[in-house]
Amino acid sequence: MELEKPLASPSTILVVVAHPDDIEFGIGGSVAVWTDAGHTVVYCIVTDGAAGSNDPNVTRESLIERRRQEQINAAVLVGVHDVRFLGYPDGMLQPTLELRRDITRLIRELKPYRVILMDPTTIMVKNEQFDYINHPDHRAAGEAALYAVFPSAETRPIFPELLAEGYEPHHVSELYISFAHQPTLAVDISSVIDRKVAALLAHESQLIASVGDMVRGWDEQAGKEAGVPYAETFRVLRFIREETPSPVPIGATTTPEEQPTDESQSSPSKSASMMS
Ligand SMILES: [Zn+2]
């Protein structure tokens, strides 16, 4: 598997997930690598985390503030000082236009080069370690973020209310999909694995210490496939372009190159060989 190469210049990276602790399970090591390299990483936590307990004595309301503080504490440990909470109710998230607009607004405000989101196509997972049903909030946040990246963030006529608020279109150049079915790229997190686990365990209301060993084991396994001690993996899509092409005017005629030439019409043997 390809190992990530450093970006040439300091960039802004936006991470969008459903819950407090999603980042720390999946990509906290990569975040530490990126902030150490001088990039600015911003977290967007879509839900309020209020469904993070089955204890009948714990109310939704009492959990929200605690989990918010845990997320901020975890972020600082890997060099992140900007955490946005969208506050949607945990456990009931839908990929609505309202959510897509909120994420679009954030992309247009921060103008990230790279966006990280959770794979919206993962419904169920069966693997050697354990089986699980992917939380529907993960899929909903992933889908809304995916379509915020394209087309919403870069297309001027979509969400005109954002233009009225002063948010101009922005083109995202790279998409990193975490918890992906078919990862294409690994980030070497060997130098920061201890910080990743520390950030994970900052979610004290959710986790016991042994979870750190479990996640360390996942990353060790991923590292084997990448040839390093510890790694996190992503499916990466790149939309890098030098400049925005000029739009074709409505009603423009086709170019002469698209018309068949006399030569091709008078040469049936050549056409036949091209079709085989
Ligand atoms: Zn989650």
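The values are calculated or read from the model by the stated rules, or taken from the named source; none is laboratory data. Quantities reported herein were computed from a predicted structural model and do not represent experimental measurements. Note: ideal-geometry Cβ built from the backbone for every residue, glycine included; neighbour counts use all protein chains shown.
Output yes when any residue across region 125-132 is surrounded by fewer than 16 Cβ atoms within 10 Å (Cβ to Cβ), of a type in the set (Lys, Arg), more than 16 Å from the ligand (Cβ to nearest atom) and modelled with pLDDT of 95 or more, and no when none is.
No; the residues of region 125-132 include none that is surrounded by fewer than 16 Cβ atoms within 10 Å (Cβ to Cβ), of a type in the set (Lys, Arg), more than 16 Å from the ligand (Cβ to nearest atom) and modelled with pLDDT of 95 or more.
Among the residues of region 1-48, write down those that are at pLDDT 95 or above, part of a helix (DSSP H, G or I), small (Gly, Ala, Ser) and within 16 Å of the ligand (Cβ to nearest atom).
Within region 1-48, GLY28 is the sole residue that qualifies.
Here are ALA140, ALA209, ALA180, ALA145: which of them is of a type in the set (A, V, I, L, M) and over 27 Å from TYR88 (Cα atoms)?
Residue meeting the stated conditions: ALA209.
Is it true that ASP90 is at pLDDT 95 or above and crowded, with 21+ Cβ neighbours inside 10 Å?
Yes: the conditions hold for ASP90.
Mind listing just one residue for me: the one in region 86-144 that is assigned to a strand (DSSP E or B) and β-branched (Val, Ile, Thr) and, of those, farthest from LEU175 (Cα to Cα)?
ILE133
Out of THR244, THR233, report the one residue that is among the polar types (S, T, N, Q) and either modelled with pLDDT of 55 or more or part of a strand (DSSP E or B) (or both). Talk me through it step by step, then tell me what you get.
On the way: THR244 fails: either modelled with pLDDT of 55 or more or part of a strand (DSSP E or B) (or both).
When all the criteria are applied, what remains is THR233.
Tell me, which residue of region 48-63 that is under 19 Å from HIS138 (Cα atoms) and small (Gly, Ala, Ser) is farthest from the chain's Cα centre (by Cα)?
SER53
Only one of these is assigned to a loop (DSSP other than H, G, I, E, B), out of contact with any Pro (no Cβ under 7 Å at 6 or more places or on another chain) and modelled with pLDDT under 60: ALA272, ALA252. Name it. Walk me through it before giving the result.
Numbers: ALA272 fails: assigned to a loop (DSSP other than H, G, I, E, B).
None of the others qualify; the one that does is ALA252.
Against the definition (closer than 13 Å to ILE116 by Cβ and out of contact with any strand residue (DSSP E or B) (no Cβ under 6 Å at 6 or more places or on another chain)), how does ASP22 come out, yes or no? First the steps, then the outcome.
Numbers: closer than 13 Å to ILE116 by Cβ: yes; out of contact with any strand residue (DSSP E or B) (no Cβ under 6 Å at 6 or more places or on another chain): yes.
Spelling it out, ASP22 is indeed closer than 13 Å to ILE116 by Cβ and out of contact with any strand residue (DSSP E or B) (no Cβ under 6 Å at 6 or more places or on another chain).
Hey, does region 56-64 have a residue that's among the β-branched types (Val, Ile, Thr) and touching a Ser or Thr at 6+ places or on another chain (Cβ under 6 Å)?
No - not one qualifying residue is present in region 56-64.
Among the residues of region 182-196, write down those that are within 19 Å of the chain's Cα centre (by Cα) and either at pLDDT below 95 or more than 11 Å from GLU24 (Cβ to Cβ) (or both). First the steps, then the outcome.
First, pick out the residues of region 182-196 that are within 19 Å of the chain's Cα centre (by Cα): 182-189, 196.
Within region 182-196, GLN182, PRO183, THR184, LEU185, ALA186, VAL187, ASP188, ILE189 qualify.
From the list LYS224, LYS196, exactly one residue is surrounded by fewer than 14 Cβ atoms within 10 Å (Cβ to Cβ), out of contact with any Pro (no Cβ under 9 Å at 6 or more places or on another chain) and in a helix (DSSP H, G or I). Which is it?
Selected residue: LYS224, the only one of LYS224, LYS196 that is surrounded by fewer than 14 Cβ atoms within 10 Å (Cβ to Cβ), out of contact with any Pro (no Cβ under 9 Å at 6 or more places or on another chain) and in a helix (DSSP H, G or I).
Taking interchain pairs and intrachain pairs at least six residues apart, which have beta carbon atoms under 6 angstrom, with the first residue in region 16-27 and farther than 14 Å from ARG84 by Cα and of a type in the set (A, V, I, L, M, F, W, C) and the second at pLDDT 95 or above and more than 6 Å from the ligand (Cβ to nearest atom)?
ILE27/SER178; ILE27/GLU232
Can you work out which of the residues in region 107-124 that are touching a residue at least 24 places away in the same chain (Cβ under 8 Å) and within 15 Å of the ligand (Cβ to nearest atom) is farthest from GLU154 (Cα to Cα)?
Per the criteria, the residue is THR122.
Conditions: (1) at pLDDT 95 or above; (2) farther than 30 Å from GLU65 by Cα. ALA199 meets all but one. Number of the miss?
(2)
Need pairs with beta-carbon distance below 8 Å; first residue free of Cβ contacts under 8 Å to residues at least 40 places away in the same chain and under 18 Å from ILE240 (Cα atoms) and within region 130-156, second hydrophobic (A, V, I, L, M, F, W, C) and within 16 Å of the ligand (Cβ to nearest atom); sequence gap 6+ or separate chains.
That search, which allows pairs on different chains as well, returns LEU146/LEU117.
Since ILE72 meets every condition but one in (1) among the β-branched types (Val, Ile, Thr); (2) away from the ligand (no atom under 13 Å from the Cβ); (3) outside any helix (DSSP H, G or I), which condition does it not meet?
(3)
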